[in-house]
Amino acid sequence: MSSKKDTTQSVASTVEDRQKTVAYANSLLGERTDTYVNSTKIEKRIEEIKSMVGEVLEHGSAGWLSPALAQSHAWLVSQGIPDDDATSIVQRASEGSGIDRETLHQRLFETFLARLPSCALPPRRESGQRAVIALIGPTGVGKTTTIAKLATRFRLQQGRRVALITADTYRIAAVDQLQKYAELVDASFYVASTKQQMRDTIASIQDVDVVLIDTAGRSRTDVDRIQETGEIVAVAEPTERHLVLSAATSLTATRRAADSFMVTNCDRVIVTKLDEAVSFGEIITVLSELQLPVSWCTNGQDVSANIEPAKMERLVKSLLPAGCIA
């Protein structure tokens, strides 16, 4: 209820400001432009009008929207969509006249869907080619847990032969953790923390359908180690390089991480921790900006269940649930 009231007040305030500006301009235009009003005075008042118009515009473009559109804009901003993006999306979705709220909701859905990248299909069993899948990304996004989920899916659910490689020898107990996962799903396990070790390991692995490579999490500011990670992964000649991003991370942090890790030549994205996200606008914004195909989404800690191939429709439905535009 408070958002409706705030939106109405914002619109009313903007209309009132515009009316005051127009009234003042009319009063000036009604004055005689002779000896009673010299050129300096006219110029001064023109500057005043410019300043007043600028103040009105600063209320934001949302103030010029109808109540339904302004409510849609407010909802998107509350969900983490940047203000300028929200305004542009709402205006695009509302093109035409006299659309009802149900139509507006559908158009917003379609507009977001058009902005998002495609989905990358999982490696096909029938291809006959060994899939080498590397996961890369910042610390704390859930790379190792995601590796375990993928291993469970490929090995236990699909019966493929799986090998796990960890390049993470920095994090305490990381090697032991992944080795236990490998034992759990009956997969072979290797450690390769240098380029030469990775080269030798890849060459030694035989009769495997899927190779999953876990890498050390890096701070987005640690440029040298991010580059090192990219070089170690490149030696494995992966068929897929996934940038792992958490939906529970802020827009600013996710943007910076994505920018830092692009040097590793990631060609698709995995979105983790959907169950921990307060809202979905921030991860949707980053995916729209990156335009890399999205492969998998995870939504919990259960390694046997909480992962599925990405579906952009589900993300958008989470952003725009039924009734969000009341």
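Please go through region 89-124 and give me each residue that is under 19 Å from Met312 (Cβ atoms), free of Cβ contacts under 8 Å to residues at least 40 places away in the same chain and hydroxyl-bearing (Ser, Thr, Tyr), ordered by number.
Answer for region 89-124, where residues must be under 19 Å from Met312 (Cβ atoms), free of Cβ contacts under 8 Å to residues at least 40 places away in the same chain and hydroxyl-bearing (Ser, Thr, Tyr): just Thr111.
Yes/no matrix, rows are residues, columns are (1) part of a helix (DSSP H, G or I); (2) more than 16 Å from Leu290 (Cβ to Cβ):
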{"position": "Asp85", "(1), (2)": "yes, no"}
{"position": "Ser88", "(1), (2)": "yes, yes"}
{"position": "Gln91", "(1), (2)": "yes, yes"}
{"position": "Gly96", "(1), (2)": "no, yes"}
{"position": "Ile99", "(1), (2)": "no, yes"}
{"position": "Leu104", "(1), (2)": "yes, yes"}
{"position": "Arg107", "(1), (2)": "yes, yes"}
{"position": "Glu110", "(1), (2)": "yes, yes"}
{"position": "Ala114", "(1), (2)": "yes, no"}
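Among the residues of region 296-314, write down those that are surrounded by 14 or more Cβ atoms within 10 Å (Cβ to Cβ), touching a strand residue (DSSP E or B) at 6+ places or on another chain (Cβ under 9 Å) and more than 18 Å from Ala248 (Cβ to Cβ).
Result: Met312, single match.
At pLDDT 60 or above and assigned to a helix (DSSP H, G or I): does that describe Thr21?
No, not satisfied.
Applying the selection to region 315-326, what residues are surrounded by fewer than 17 Cβ atoms within 10 Å (Cβ to Cβ) and modelled with pLDDT of 95 or more?
The answer is Lys317, and nothing else.
Which of the strands (runs of 3 or more DSSP E) found entirely inside region 139-238 contain at least 3 residues meeting this: over 26 Å from the mean Cα position of the chain (by Cα) and of a type outside the set (Phe, Trp, Tyr)? Explain how you work it out, then say what you get.
On the way: elements: 162-166, 188-191, 210-214.
Ranges flagged: 162-166.
Give me the residue from region 89-145 that is surrounded by fewer than 16 Cβ atoms within 10 Å (Cβ to Cβ) and hydrophobic (A, V, I, L, M, F, W, C) and, out of that set, nearest to Gln301 (Cα to Cα).
Leu121
Those residues that are over 20 Å from Thr139 (Cα atoms), more than 8 Å from the chain's Cα centre (by Cα) and surrounded by fewer than 19 Cβ atoms within 10 Å (Cβ to Cβ), I need them from region 273-295; list them, please.
Ser279, Gln291, Pro293
Please go through region 199-252 and pick out each residue that is out of contact with any strand residue (DSSP E or B) (no Cβ under 8 Å at 6 or more places or on another chain), more than 21 Å from Lys149 (Cα to Cα), modelled with pLDDT under 95 and among the hydrophobic types (A, V, I, L, M, F, W, C).
Matches in region 199-252: Val223 only.
If you scan region 212-226, which residues turn out to be surrounded by 15 or more Cβ atoms within 10 Å (Cβ to Cβ) and within 21 Å of Pro238 (Cα to Cα)?
Leu212, Ile213, Asp214, Thr215, Ala216, Gly217, Arg218, Ile226
Quick check on my filter: what residues within region 164-181 are at pLDDT below 95 and of a type in the set (A, V, I, L, M, F, W, C)?
Ala167, Ile172, Ala173, Ala174, Val175, Leu178
The values are calculated or read from the model by the stated rules, or taken from the named source; none is laboratory data. It should be emphasised that the depicted structure is a prediction, and the values quoted were computed from it without experimental measurement. FYI the Cβ positions are ideal-geometry reconstructions off the backbone, even for glycines, and counts take in every protein chain you see.
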